[in-house]
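**Q** Below is one structure. I have some questions about it.
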Amino acid sequence: APHECPFCGEAAGRELEEHVRERHGHLLGAPGTDTGNGEQLYECPMCSLTCTNIQILEEHVNLHLEEHSFSEGGHIRDLELAQQLQSEEDKWQRSEEEKREREEFKKLQRQYGLDNSGGYKQQFLKNMEREVDRGRMQPFEYHKRKADMMESLAFGIDDGKTKTSGVIEALCKYYQNENKDVRRVWLSAGVDHFHSSLGDRGWGCGYRNFQMLLSSLLQNSLYRDCLRDTTLIPSIPKIQSMIEDAWREGFDPHGASHFNNRLHGSKAWIGACEIYSLLTSLRMKCQIIDFHKPTGPMGTHPRLFEWILHYYSTDNEGGAKVVCTSKPPIYLQHQGHSRTVVGIEEKKNKSLCLLLFDPGCSSQEMQKLLKQNSDGTNLKLLRKFMGSLKEKQYQIVAVDGVLSLEEKAARCRASQVLTSEKIP
């Protein structure tokens, strides 16, 4: 292969030495300079090293060029390697992020009962089997309770085993004799308490609160006519089917799509929007109100307390200390849980205290309220002061009348763009 001139890159072939002398001799020092023994010296233009002949100089200069080329190539390879490593790192991070998102999604599905793991019936049987395995339940009791559960589900009615009645009446008697710090108290119409069971523990609070609200509506002649088809408290699977019926009528299609239009047979949590849709489909005139941020110091919600006071005290402004109203209880929702408001106290210092039925409270605890207790210590189960309700957001559903068929149809159309009223 022809040799290339290390200075100009031209192909010089065998005449490279002559080419370098003629073209680039001024770079090589003084060609033909005698060293004293008849040799000529050639200086490297890159490092000033002197060589005794042009071939040695050529090889020396080529080493410079190769070193330079290697250095340049090394920089390029380092850059390519860095880019490759960064690309692999980005790819790994995306993969990990997608994995985390899938795991979080599955976790949310499990948490909200949308993981196809079965519903009330499956959980009830599974928990009873666990009780038998642990020796807490005898096999004959298992089979009896299973038969009762299957009968209850077949008829679509609640078995009543988690129900406590008469608490509102007991509260009325207590407050008549209370002389310490309650100035006035307003109580809802009679309402039964329902607590979670083996079949819905961990996810059934919304359904249990609906049962509480419905138990009050069924005792009120104003609402009884609209509930002719619902004379008994429905079971949780039946309530799920009732909500699906409301969706099929056209109520809240956005919310229905969140559950893929299916609740029955799942452990799906429900909230204020599902309660509103179900009540409205039953021709209950109700409103859903969103207290979307704290309105008081330390994350408190005085506007929520004031709204509930106004709800119970309107049309009930008499001078009596204890006011047993005809108002239905209020559904109260916050992130992760819901309860039922059954009344409100006004203390002598003008502070307010809500009275709540919690589905997480057992019937054994609730029955303590049926006993006369002069010091009111059992009321700790119900009382919630303003400093006790400090979630970021609350929603309530309140019933106040009945709807005509035309009004129901109008609300159905409106619910297709449903947004709750927000308290500023």
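The values are calculated or read from the model by the stated rules, or taken from the named source; none is laboratory data. Small disclaimer: the values here were computed from a predicted structure and weren't measured. Counting neighbours? That spans all protein chains shown, and the Cβs are built from the backbone with ideal geometry, glycine included. Surface accessibility is based on the protein's heavy atoms, side chains included, excluding ligands, DNA and RNA. Shrake-Rupley method; radii C 1.70, N 1.55, O 1.52, S 1.80 Å.
**Q** Accessible area of PHE194, 1.4 Å probe, to the nearest 10 Å²?
**A** 0 Å²
**Q** Can you compute the modelled spin-label distance between THR231 and GLU89, with each label point 7 Å from Cα toward Cβ, in nm?
**A** Label at THR231, label at GLU89, 7.3 nm between them.
**Q** Shifting gears a bit: Suppose the chain between ARG183 and GLU80 were pulled fully straight at 0.36 nm per residue; how much longer would it get relative to their current alpha carbon spacing?
**A** 29.1 nm
**Q** Additional query: Which of the lysines could a cross-linker bridge to LYS392, judged by Cα under 29 Å and excluding same-chain residues fewer than eight apart?
**A** Partners within reach: LYS106, LYS107, LYS267, LYS285, LYS293, LYS327, LYS347, LYS348, LYS350, LYS380, LYS384, LYS422.
**Q** For region 120-422, what relative contact order do you get, as a whole percent, if you take Cα pairs closer than 8 Å and at least 6 residues apart?
**A** Relative contact order comes out at 27 percent.
**Q** Would you please put 215-222, 197-204 in order of how densely packed they are, using the mean number of other Cβ atoms within 10 angstrom per residue and starting with the highest?
**A** Top to bottom by mean Cβ count within 10 Å: 197-204, 215-222.
**Q** Follow-up question, since we're still on this one. Output wanted: per-residue J couplings in Hz (rounded whole) for region 256-268, from phi through Karplus 6.51 cos²θ - 1.76 cosθ + 1.60, θ = phi - 60°, x for Gly and Pro.
**A** 4, 5, 4, 9, 6, 6, 9, 10, 4, x, 10, 10, 5
**Q** Then there is this: When the accessible area of region 120-422 is split by element with a 1.4 Å probe, what percent falls to carbon and sulfur?
**A** 49 percent
**Q** Please work out the C-alpha center-to-center distance from region 350-373 to region 169-223 and express it in whole Å.
**A** Centre-to-centre distance over Cα atoms comes out at 9 Å.
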